[in-house]
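**Student:** Sharing a structure with you now.
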Amino acid sequence: MSAAETLAERGRAAPILTVEGVSKKFGGVTAVHDVSLDVPAGAIVSVIGPNGAGKTSLLNMVSGFYRPDTGRIALEGHDITSLRPSQVAARGIARTFQNIALFSGLTVLDNLMLGRHVHMQTGVLASALYWGPALREEVAHRERCEEIIDFLKLQDLRKQQTGALSYGLRKRVELGRALALEPKVLLLDEPMGGMNQDEKEDMARYVLDANLERKITVVLIEHDMGVVMDISDHVVVLDRGRRIGAGTPEEVQRNPDVIQAYLGTSRGGAQA
Amino acid sequence: MFHRESGYFKTTYMADMALYPLPIARWTVGVLVAVFLVMPPLVTGLTGGIAAEYYISIVNIIMIAVVGALGLNILVGYTGQISIGHAAFMSVGAYTAANLAVKLDLPFWVTLPAGGIMAAAIGVVVGIPSLRIKGLYLAIATLAAQLIIEWIINHVPWISGGSQASIEVPRPTIFGMELRTQRELYYFLLFFAVIAIIATLNIVRSRIGRAFIAIRDQDIAAEIIGIDIFRYKLIAFAISSFYAGVTGVLYTYYLGIANYENFLITTSIDYLAMIIIGGLGSVLGSIFGAIFVTLLPIVIRLFMESFGTLLFTTAELNNIIPAVRLSAFGLLIIVFLVLEPEGLNRLWRNVRSYFRVWPFSY
């Protein structure tokens, strides 16, 4: 199978995550209005749009923080619209945050181990004993975390407290924690925000590797258009809560509505 | 203290995850255990009967306080949920055990877990508001629990055992031997203190403890990786109250009497002081704090009796000492919160990291 065929295939796979006509209002402000979105299994789908377009609100609805006023969200055909965030995570959706949300008092390793939480069973009494099954479980999941440490090249940092790490490293650890969950779908909210060019390239490589090697479907919010156009199979554009365009990166770049709303227009240019 | 971490290569994750991965640390713990085991006969030999009973009684109180402080630290230090009702849970344990011991004539190995479980059950109920409210508001809710439980115990004769609200309990018996003296109680209490320390160390380094710390550090992120926050907050309340209940039972057996006056709000605040001074979110800190707060009044009394006579008469001194104790207490909490919020445990770590590279500066 040639590379071109693989790419064409990626866009046509059955959707793993479907968002159907979701809306969310906060008081009088409509953050998201009737947005639909199909995420094909194994694809990288980017959601772009100007500030305040409702990208993060959309992600918050998928991950269960907001309950949509209308519409439906389904993972592999199962409705997850009204599940709590912890239940959504257990179904296989992991995410990272725009403003890093690591557990700063814990080491890198413990942060990753927390990503394994939903896969572990140890209860209170077994924990207190730390013997037999509980110990074996810790070791088994430690091995999975070490794979991710190798994958993200965090070997020398595993026993460091995350609060003391640099911004770029913390972003990487947060990605690691999400990967430790072994999600089916990974939601990334501006993983490259505030990074320099080298760090962006590293992060783009990790996202691509996670997608290709670990077969994780990715939904990406990102402001860096170069990255978005390079790595996405499919791009959805939001503006003021509404979906104004979608398609392959090339299609989106040619879409006049998108150009007008997002990238600045000839009219805007004339005024400037 | 004068050890180096280099040169020990671990080849399995299990070895890396051991409680004491370094041989020197294992030796230190071994020596400590030995010291605690031979302490009573040693103290008796050195000071003679009655004085020895007094000294050992202080150690006994400290060991009881260690159990309670560990429990409170799991809730406040590790999970980040504040509670001013810790003493009330102790009284629940104390009266549960006392009633079972007197009315049903049950031995301590039944009443002790029963007291803990009863306190845990009440603790879960008190913890329910923690889903909705945080910080100061939760503090007030637990304060209400403290006062309500105090009132109930005081006003329901079926629980409190009559007008004095106190129940005398028989001494605990092991293999037919009745534990009467402080020396005999010492080993009884040491056993439970050690179990509490090991259990806490294990809980905080495993799945449950990591979830607690996650909730403390970032509750939103905790939820997003699949931790059911409400459930884990209640588990934290349950574990913490279980420890408190056991503390209450131990104290009841230690005194030979269950009395609610030992579990008033001032006791709750004493325990909060222990974990703040010792170090929030630290097992060693809980132990340091329990030692410090238990010894402080004794040291102040000794100090005032030795030097206070230079300024005051004995009668005046007896009035002053409790006031000095309270103000010293308040002052110390403020000093620790301002200068070393991470408590005695941090001071200890600073000393250790200094000697880690000694004689070089880094």
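**Student:** Can you list the residues, at least 5 places off or on another chain, whose amide H is less than 5 Å from the amide H of A:THR70, using H built in the peptide plane?
**Tutor:** Distant-sequence amide H within range of A:THR70: A:SER23.
**Student:** Who wins for biggest fluctuation among B:LEU22, B:LEU72, B:LEU284 in a Gaussian network model of chain B, springs between alpha carbons below 10 Å?
**Tutor:** B:LEU22
**Student:** For chain B, set up a Gaussian network in which alpha carbons nearer than 10 Å are linked by springs, and say which option among B:VAL67, B:VAL335, B:VAL76 fluctuates the most.
**Tutor:** B:VAL335
**Student:** In what order do B:ASP270, A:ASP202, B:ASP16 fall by count of nearby beta-carbon atoms within 10 Å, going from fewest to most? Can you show the working numbers first?
**Tutor:** Working: B:ASP270 22, A:ASP202 17, B:ASP16 14.
By the 10 Å Cβ count, ascending, the order reads B:ASP16, A:ASP202, B:ASP270.
**Student:** State the extension gain, in nm to one decimal, for the chain segment bounded by B:ILE198 and B:GLU340, taking 0.36 nm per residue of separation less the distance between their alpha-carbons.
**Tutor:** Numbers: separation 142, 0.36 × 142 = 51.12 nm, distance 2.62 nm.
The B:ILE198-B:GLU340 span can extend by a further 48.5 nm.
**Student:** Using only the Cα atoms of region B:24-264, build the gyration tensor, take square roots of its eigenvalues as a ≥ b ≥ c, and label the shape rounded, prolate or oblate: rounded if a/c is under 1.5, else prolate if a/b is larger than b/c, else oblate.
**Tutor:** Details: a/c = 2.34, a/b = 1.28, b/c = 1.82.
Oblate shape, in that a/c is at least 1.5 and b/c is the bigger or equal ratio.
**Student:** Follow-up question, since we're still on this one. Got a sec? How would B:PHE175, B:PHE263, B:PHE230 order by Cβ neighbour count within 10 Å, fewest to most?
**Tutor:** Details: B:PHE175 4, B:PHE263 29, B:PHE230 16.
Fewest to most other Cβ atoms nearby, the residues stand as B:PHE175, B:PHE230, B:PHE263.
**Student:** For chain A, modelled as a GNM with alpha-carbon contacts under 10 angstrom, which of A:LEU37, A:LEU135, A:LEU186 fluctuates the most?
**Tutor:** Checking each option, the largest mean-square fluctuation is seen for A:LEU135.
**Student:** Would you give the gap between the C-alpha center of region B:1-65 and the C-alpha center of region B:130-162, rounded to a whole Å?
**Tutor:** With region B:1-65 and region B:130-162 each reduced to a Cα centre, they are spaced 37 Å.
**Student:** Which FRET efficiency value, to the nearest 0.05, do you get for B:LYS103 and B:LEU302 by plugging their Cβ-Cβ distance into 1/(1 + (r/R0)^6) with R0 = 35 Å? All intermediate terms of the calculation are to be shown ahead of the outcome.
**Tutor:** Details: r = 41 Å, r/R0 = 1.19.
It comes out at approximately 0.25.
**Student:** Right, here's the next one. What is the Cα centroid distance between region B:206-278 and region A:58-93, reported in whole angstrom?
**Tutor:** Result: 33 Å between the Cα centres.
**Student:** Once you have the Cα-Cα distance between A:ASP156 and A:THR70, take 0.36 nm times their residue separation minus that, and quote the gain in nm to one decimal. Walk me through the numbers before you get to the answer.
**Tutor:** On the way: separation 86, 0.36 × 86 = 30.96 nm, distance 4.71 nm.
The A:ASP156-A:THR70 span can extend by a further 26.2 nm.
**Student:** If the cut-off is a Cα-Cα distance under 19 Å, which lysines reach A:LYS24, setting aside same-chain residues fewer than 8 apart in sequence?
**Tutor:** A:LYS55
**Student:** Mind checking Rg over Rh on region A:102-182, alpha carbons, Kirkwood formula for Rh? Show your work: numbers first, answer last.
**Tutor:** Details: Rg = 12.8 Å, Rh = 12.9 Å.
In region A:102-182, Rg relative to Rh is 0.99.
**Student:** Return the percentage of antiparallel bridges among DSSP beta bridges fully within region A:131-257, rounded to the nearest 5 %. The partial results should precede the final answer.
**Tutor:** Values: 5 of 10 bridges.
Antiparallel bridges make up about 50 percent of those DSSP assigns within region A:131-257.
**Student:** Still on this model: Treat each spin label as a single point 7 Å out from the Cα along the C-beta direction, and report the B:LYS10 to A:GLU251 distance in nm.
**Tutor:** 5.2
**Student:** Could you work out how far the C-alpha centroid of region B:316-362 sits from that of region A:154-219, in angstrom?
**Tutor:** 41
**Student:** Return the lysines within reach of B:LYS10: Cα separation strictly under 23 angstrom, same-chain partners fewer than 8 residues apart disregarded; answer none if there are no such residues.
**Tutor:** Reachable lysines: A:LYS153, A:LYS159.
**Student:** When the Karplus curve 6.51 cos²θ - 1.76 cosθ + 1.60 is applied with θ = phi - 60°, which whole-Hz ³J(HN,Hα) does each residue of region A:71-78 get, with x for Gly and Pro?
**Tutor:** x, 8, 10, 9, 10, 6, x, 9
**Student:** Listing A:HIS78, A:HIS117, B:HIS86 from the residue with the fewest other Cβ atoms within 10 Å to the one with the most, what is the order? Spell out each step's value before the answer.
**Tutor:** Values: A:HIS78 8, A:HIS117 24, B:HIS86 33.
By the 10 Å Cβ count, ascending: A:HIS78, A:HIS117, B:HIS86.
**Student:** Using θ = phi - 60° and the Karplus form 6.51 cos²θ - 1.76 cosθ + 1.60, what ³J(HN,Hα) does each residue of region A:91-103 get, whole Hz, x for Gly and Pro?
**Tutor:** Per residue, the Karplus-derived 3J(HN,Hα) values read 6, x, 10, 10, 8, 10, 10, 4, 9, 3, 10, 8, 8 Hz.
**Student:** Determine ³J(HN,Hα), in whole Hz, for all residues of region B:200-215 in sequence, where each value follows from phi through the Karplus function 6.51 cos²θ - 1.76 cosθ + 1.60 and θ = phi - 60°; x replaces Gly and Pro.
**Tutor:** Couplings: 5, 4, 6, 4, 6, 9, 10, 3, 5, x, 4, 5, 4, 5, 4, 5 Hz.
**Student:** Now for a different question. If you stretched the chain out fully between A:GLU147 and A:ALA13, how much longer would it get, using 0.36 nm times the residue separation minus the C-alpha to C-alpha distance?
**Tutor:** Stretched out fully, the A:GLU147 to A:ALA13 stretch lengthens by 45.4 nm.
**Student:** Could you grab the relative contact order for region A:102-182? Cα pairs under 8 Å, six or more apart, rounded to a whole percent.
**Tutor:** Details: 77 pairs, mean separation 45.3, N = 81.
Relative contact order of region A:102-182: 56 percent.
Values quoted throughout were computed directly from the atomic coordinates according to the rules given, and no laboratory measurement underlies them. Predicted model, so just to flag it, every value in this text is computed and none were measured. Here Cβ is always computed from backbone atoms with ideal geometry, including for glycine, and neighbour counts include all displayed protein chains.
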